[in-house]
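Data first, discussion second: the structure below is written as structure tokens.
The values are calculated or read from the model by the stated rules, or taken from the named source; none is laboratory data. In this text, all values refer to a predicted model and were calculated from it rather than measured experimentally. Note: ideal-geometry Cβ built from the backbone for every residue, glycine included; neighbour counts use all protein chains shown.
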Amino acid sequence: MKLWLARHAQPLIAPGTCYGATDVAADAQATLQAAQALAQVLPPGVLLVSSPLQRCERLVHCLQGLRPDLAGTTDARLREMDFGCWEGQRWDAIPPDAFDRWTADFDAHRFGGRDSVSELMQRVAAVWDETQARGLETVWVTHAGVIRAASLLAQGVRQVAQASQWPPDAPAFGRFWALQG
């Protein structure tokens, strides 16, 4: 089974801003271009599952406008990690000791007071398991953190004890990867 992991287009927020769970829009033209690229490669009838954040839902709507054969649903478990009090702050303005606390307890620490990596992994793993059980080719329209978590799940990794284990790469804005499940 193939799982497509599509990242939303460039969000309309200042570069360098922490915006994980903040519901910001994405650039409309970049969203359309991403939908056009994805529409060309997806097989007929693939299932779309999207984060509920508008930057992802807009990509799904554009994609469905190009490919009416694609049915979709929203799943809140595919939303990006919530960075709590750091949402909307510049990354370089977050105190270094906040990062130190996070990396010292990467799995369990709630960076910004909301989500931990463990919680992100658990909710993404639940969607992963359901997707695998369905056995249908599926597209997740989601965020970099969720895609990184999925890439670990594809390798059989369900817990990330150290920050160094977290994947550094994710598709660029508006791009996608395909994993064989």
**Message:** Could you list, ordered by first residue, the pairs with Cβ atoms under 7 Å in which the first is in region 35-54 and within 13 Å of Asp69 (Cα to Cα) and the second is among the charged types (D, E, K, R), at least 6 apart or interchain?
**Reply:** Ala39/Arg67; Leu42/Arg67; Pro43/Glu137; Pro44/Asp69; Gly45/Asp69; Val46/Glu137
**Asked** Looking only at residues in region 99-125 that are under 24 Å from Arg175 (Cα atoms) and not basic (Lys, Arg), which one is surrounded by the fewest Cβ atoms within 10 Å (Cβ to Cβ)?
**Response** Ala125
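So, Ala149, is that one in contact with a helix residue (DSSP H, G or I) (Cβ under 9 Å, 6 or more places away or on another chain) and in a helix (DSSP H, G or I) or not? Give the derivation first.
Numbers: in contact with a helix residue (DSSP H, G or I) (Cβ under 9 Å, 6 or more places away or on another chain): yes; in a helix (DSSP H, G or I): yes.
Here the answer is yes, as Ala149 does meet what is asked.
Report the residue count in region 126-146 for those that are surrounded by fewer than 16 Cβ atoms within 10 Å (Cβ to Cβ) and closer than 12 Å to Asp82 by Cα. It would help to see each step written out before you state the result.
If we filter region 126-146 for residues that are surrounded by fewer than 16 Cβ atoms within 10 Å (Cβ to Cβ), which is where we start, we get 126, 129-130, 132-136.
Checking the rest, the ones that are also closer than 12 Å to Asp82 by Cα come to none.
So the count comes out to 0.
Matching residues to (1) closer than 24 Å to Glu57 by Cβ; (2) hydrophobic (A, V, I, L, M, F, W, C):
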residue: Glu130; (1), (2): yes, no
residue: Leu136; (1), (2): yes, yes
residue: Gln155; (1), (2): no, no
residue: Pro167; (1), (2): no, no
residue: Pro171; (1), (2): yes, no
**Prompt:** In region 134-146, what residues are part of a helix (DSSP H, G or I) and modelled with pLDDT of 95 or more?
**Reply:** Ala144, Gly145, Val146
**Request:** Answer yes if at least one residue in region 7-18 is under 13 Å from the mean Cα position of the chain (by Cα), free of Cβ contacts under 8 Å to residues at least 40 places away in the same chain and surrounded by 15 or more Cβ atoms within 10 Å (Cβ to Cβ), and no otherwise.
**Result:** no
**Prompt:** In region 1-39, what residues are at pLDDT below 95 and charged (D, E, K, R)?
**Reply:** Lys2
**Fill in**
When every residue in region 43-54 that is touching a helix residue (DSSP H, G or I) at 6+ places or on another chain (Cβ under 7 Å) and under 17 Å from Gln132 (Cα atoms) is compared, the one surrounded by the most Cβ atoms within 10 Å (Cβ to Cβ) is Ser50
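Go through Ala161, Ala172 for me and flag whichever is touching a residue at least 12 places away in the same chain (Cβ under 8 Å), surrounded by fewer than 17 Cβ atoms within 10 Å (Cβ to Cβ) and over 23 Å from Asp23 (Cα atoms). Walk me through it before giving the result.
Working: Ala172 fails: over 23 Å from Asp23 (Cα atoms).
The conditions single out Ala161.
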**Prompt:** Which of the residues spanning region 113-127 are part of a helix (DSSP H, G or I) and without any contact (Cβ under 8 Å) to a residue 60 or more places away in the chain?
**Reply:** Gly113, Val117, Ser118, Glu119, Leu120, Met121, Gln122, Arg123, Val124, Ala125, Ala126
**Message:** Condition (residue is under 21 Å from Asp169 (Cα atoms), buried (at least 21 other Cβ atoms within 10 Å of the Cβ), among the β-branched types (Val, Ile, Thr) and within 18 Å of the chain's Cα centre (by Cα)) applied to region 55-72: is it met by at least one residue?
**Reply:** no
**Complete:** Going through region 74-112 in order, the residues found to be of a type in the set (D, E, K, R), within 13 Å of Ala163 (Cβ to Cβ) and without any contact (Cβ under 8 Å) to a residue 40 or more places away in the chain are Asp100, Arg101, Asp105
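Can we say Gly135 is within 15 Å of Leu48 (Cα to Cα) and in contact (Cβ under 8 Å) with a residue 60 or more places away in the chain? Spell out how you get there, then give the answer.
Working: within 15 Å of Leu48 (Cα to Cα): yes; in contact (Cβ under 8 Å) with a residue 60 or more places away in the chain: yes.
When the stated conditions are applied, Gly135 passes them.
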